[in-house]
Amino acid sequence: MKNLLPFLAVAALLASPPSARGQGFAITGQAGTLGVGGGGVIGLTDKFHIRGTFDFFPYKPEVDFSDITFAVELPTSMRLLVDLYPVGSFRLTGGILIQGDVNVTGDFLGSVEIGNTTYTDTEVSTLSGTLKFDTALYGGIGFGNPIGKSVGISLDLGVGVRSAPKVTLRATGSAANNAGFLADLRLEESDIQDDADLLRYYPVISLAISIGLGM
């Protein structure tokens, strides 16, 4: 996958002769399902652009995994993309989506069921975990061409497709190193893995404002 963008870029250059009208540079600011962030676009011709974006989430939502409520630290994301404009400002986009790990933390008062056993908050005071993602292939469509405009607006609709994330769990408390608890923890890990398998498809909706800088 790391060789995908150079290949697409070369193909783009060979497929269409350079056009000064389509060359330029723009910076973007965007918000959507990947969070908020910025990026840059290089216009190679009037039909082909190379684009990079960086996004992050400024908040930590709460999410239920396997009936346990966790505070979720959502990942930063990078997209490395090639845009093809077959007609007007409509574009077809391909590339890769790179996301950091998702970290989750649960703090418990009273009791919590882990695996097949209920534990008190003394036995298990915190349960934390990591969902580790690999690089995703990204494909989508979009509307809006930032090259050649002082200010522009564009929309991305796409999806990243990857392997299911690898889930690992850790705990603190008096039972944290108990063999029976560790067996329950592995069962809980498997249950959360089943929920996390849905995350192998990541939908992307992103609205961007661009400023053209020329070349």
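The values are calculated or read from the model by the stated rules, or taken from the named source; none is laboratory data. Everything numeric here is computed off the predicted structure, so don't read it as measured data. Positions of Cβ are backbone-derived with ideal geometry, glycine not excepted, and every protein chain shown enters the neighbour counts.
Given Thr130, Thr117, Thr126, which one is closer than 25 Å to Lys166 by Cα, in contact with a helix residue (DSSP H, G or I) (Cβ under 7 Å, 6 or more places away or on another chain) and surrounded by 14 or more Cβ atoms within 10 Å (Cβ to Cβ)? Outline the logic, then answer.
On the way: Thr130 fails: in contact with a helix residue (DSSP H, G or I) (Cβ under 7 Å, 6 or more places away or on another chain); Thr126 fails: in contact with a helix residue (DSSP H, G or I) (Cβ under 7 Å, 6 or more places away or on another chain).
The unique qualifying residue is Thr117.
Tell me which of these Val124 doesn't satisfy, since it passes every other one: (1) farther than 17 Å from Ser210 by Cα; (2) part of a strand (DSSP E or B).
(2)
Gly180 is checked against (1) farther than 19 Å from Gly38 by Cβ; (2) in contact with a helix residue (DSSP H, G or I) (Cβ under 9 Å, 6 or more places away or on another chain) and fails just one. What number does that condition carry?
Of (1) farther than 19 Å from Gly38 by Cβ; (2) in contact with a helix residue (DSSP H, G or I) (Cβ under 9 Å, 6 or more places away or on another chain), only one is false for Gly180: (2).
Condition test on Phe65, is it touching a residue at least 40 places away in the same chain (Cβ under 8 Å), surrounded by fewer than 20 Cβ atoms within 10 Å (Cβ to Cβ) and of a type in the set (Phe, Trp, Tyr)?
Spelling it out, it is not the case that Phe65 is touching a residue at least 40 places away in the same chain (Cβ under 8 Å), surrounded by fewer than 20 Cβ atoms within 10 Å (Cβ to Cβ) and of a type in the set (Phe, Trp, Tyr).
Every residue in the range 60-85 that is of a type outside the set (Lys, Arg) and at pLDDT below 85, please.
Step one: filter the range 60-85 for residues of a type outside the set (Lys, Arg), giving 61-78, 80-85.
Matches in the range 60-85: Pro61, Glu62, Val63, Asp64, Phe65, Ser66, Asp67, Ile68, Thr69, Phe70.
From the list Gly32, Gly38, Gly140, which residue is modelled with pLDDT of 90 or more and crowded, with 19+ Cβ neighbours inside 10 Å?
So the residue among Gly32, Gly38, Gly140 that is modelled with pLDDT of 90 or more and crowded, with 19+ Cβ neighbours inside 10 Å is Gly140.
Going through Leu185, Leu198 one at a time, which residue ends up being buried (at least 16 other Cβ atoms within 10 Å of the Cβ), out of contact with any Ser or Thr (no Cβ under 9 Å at 6 or more places or on another chain) and not in a loop (DSSP other than H, G, I, E, B)?
Leu185
Restrict the check to the range 161-174 and report whether at least one residue is part of a strand (DSSP E or B), over 18 Å from Val124 (Cα atoms) and touching an Asp or Glu at 6+ places or on another chain (Cβ under 6 Å). Quick ask: steps written out before the conclusion?
Here is the first cut: in the range 161-174, the ones part of a strand (DSSP E or B) are 161, 166-172.
With the extra rule that they be over 18 Å from Val124 (Cα atoms), the set shrinks to 161, 166-167.
Imposing the further condition that a residue be touching an Asp or Glu at 6+ places or on another chain (Cβ under 6 Å) reduces the set to 167.
Checking the range 161-174: at least one residue is part of a strand (DSSP E or B), over 18 Å from Val124 (Cα atoms) and touching an Asp or Glu at 6+ places or on another chain (Cβ under 6 Å).
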